[in-house]
Amino acid sequence: MDRFLEGRTALVTGSTSGIGLGIAELYAKAGAKVMLNGFGKPEDIAAARASVGKLMGVAEAPYSAADLSKPDQTRQMVKDCEAQLGACDILVNNAGIQFVAPIDEFPDDKFDAIIAINFTSNFHAIKAALPGMKARGWGRIINIASAHGLVASPFKVAYVSAKHAVVGMTKTVAVEVAKTQITCNAICPGFVRTPLAEKQVHDLAVQHKVTDQVALEELLLVHQPSKRWVEVDDVAQMALYLTGPGSGSVNGSALSIDGGWVAG
Ligand code: NAD
């Protein structure tokens, strides 16, 4: 694989599983030094650090345990990345949670948590990382939004609101940095095969008393014309493209990777 990220550093939030881990592994394969972040069982975090570390040629990748619902911990995570890797050239705001309920039954604490983790943490991380990117004259900010950053579905008021806000913040940052060698883009996946999405399929199957496969094709992917999961590696390849040669004029975009969902 072309190691065009040799000499670059990356911080990928929520990279102990799913999409974030896939992005971290691909960046490390392309030569970047990567800091991981996220929750999980100690053995799963250790496994993620070992697998990304191996691709970096070290025993374990650096890791921040920052809770991104906490602004001070989010800022400290960026500082730790700069201290341990020497820079934060690429910031991927990926950490996210989900909760599904009608708005009149939506628990306040769940709403606040989704806004804090899926949206507000992006603001604090970008604010903390931008001065270093400006000083070094290069940077890439990639916000993992969602098809739900562009269109709504019922019962996801916090998630849809947070992801639309992420797309709005992406555009604002992009126009602020437009004259520099820094870019800020959002990736808007449809349903990606990860623990977060597979749990939704199972919850739907239980709720509607159908099999997981029927829930997948007829309930979850009802708006995804491909009727197939987007794979983690597809999203990781898009995140890699945004850091690579030829990506410098892609700025402020909300890039769909959703099997045709928002085209429909
Ligand atoms: P996942 O559950 O596998 O990963 C989420 C990550 O976020 C984990 O590492 C988790 O530990 C971390 N995290 C959760 N709360 C955190 C907190 N308070 N502080 C720090 N880390 C925290 O889910 P995923 O599907 O890989 O989701 C990654 C991103 O992609 C999310 O922003 C999600 O909204 C988005 N997304 C997912 C899909 C999908 O279908 N899976 C589709 C569109 C967008």
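Considering the range 192-201, and only residues there that are in contact (Cβ under 8 Å) with a residue 40 or more places away in the chain and within 6 Å of the ligand (Cβ to nearest atom), the residue that is farthest from the chain's Cα centre (by Cα) turns out to be Pro195.
Applying the set (1) without any contact (Cβ under 8 Å) to a residue 24 or more places away in the chain; (2) near the ligand (Cβ under 10 Å from one of its atoms); (3) touching a helix residue (DSSP H, G or I) at 6+ places or on another chain (Cβ under 6 Å) to Ala162 leaves exactly one unmet item: (1).
Rundown of residues vs (1) crowded, with 21+ Cβ neighbours inside 10 Å; (2) closer than 24 Å to Gly260 by Cβ; (3) of a type in the set (Phe, Trp, Tyr), yes/no style:
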| residue | (1), (2), (3) |
| --- | --- |
| Ile115 | no, no, no |
| Ser121 | yes, no, no |
| Ala125 | yes, no, no |
| Ala129 | yes, no, no |
| Trp138 | no, no, yes |
| Leu150 | no, yes, no |
| Ser153 | no, yes, no |
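All of Gly31, Gly53, Gly38 fail the test of being crowded, with 16+ Cβ neighbours inside 10 Å, within 11 Å of the ligand (Cβ to nearest atom) and modelled with pLDDT of 95 or more, apart from Gly38. Of all residues in the range 232-264, those satisfying the criterion of being under 14 Å from the mean Cα position of the chain (by Cα) and not polar (S, T, N, Q) are Val232, Asp233, Asp234, Val235, Ala236, Met238, Ala239, Leu240, Leu242, Ala254, Leu255, Ile257. Give the residues of the range 216-241 that are out of contact with any Ser or Thr (no Cβ under 7 Å at 6 or more places or on another chain) and among the aliphatic types (A, V, I, L, M), sorted by residue number. Matches in the range 216-241: Leu216, Leu219, Leu220, Leu221, Val222, Val230, Val235, Ala236, Met238, Ala239, Leu240. Scanning the range 171-188 for residues that are surrounded by 18 or more Cβ atoms within 10 Å (Cβ to Cβ) and either part of a loop (DSSP other than H, G, I, E, B) or not assigned by TED's automatic domain parsing to the domain that holds Asn118 (or both) turns up just one, Val177. Within the range 76-98, being more than 17 Å from the chain's Cα centre (by Cα) and open to solvent by 40 Å² or more (accessible area, probe 1.4 Å) holds for Gln76, Lys79, Asp80, Glu82, Ala83, Gln84, Gly86. Of the residues screened, Ile182 is not one that is in contact with a strand residue (DSSP E or B) (Cβ under 8 Å, 6 or more places away or on another chain) and either aromatic (Phe, Trp, Tyr) or within 15 Å of the ligand (Cβ to nearest atom) (or both).
The values are calculated or read from the model by the stated rules, or taken from the named source; none is laboratory data. Because the structure is predicted, anything quoted here is derived from the model rather than measured. When we count neighbours, we look across all protein chains shown, and the Cβ atoms used for this are built from the backbone with ideal geometry, even at glycine. When the accessible area is computed, the model is the full protein with side chains, heavy atoms only, and any ligands, DNA or RNA have been set aside. Shrake-Rupley method; radii C 1.70, N 1.55, O 1.52, S 1.80 Å.
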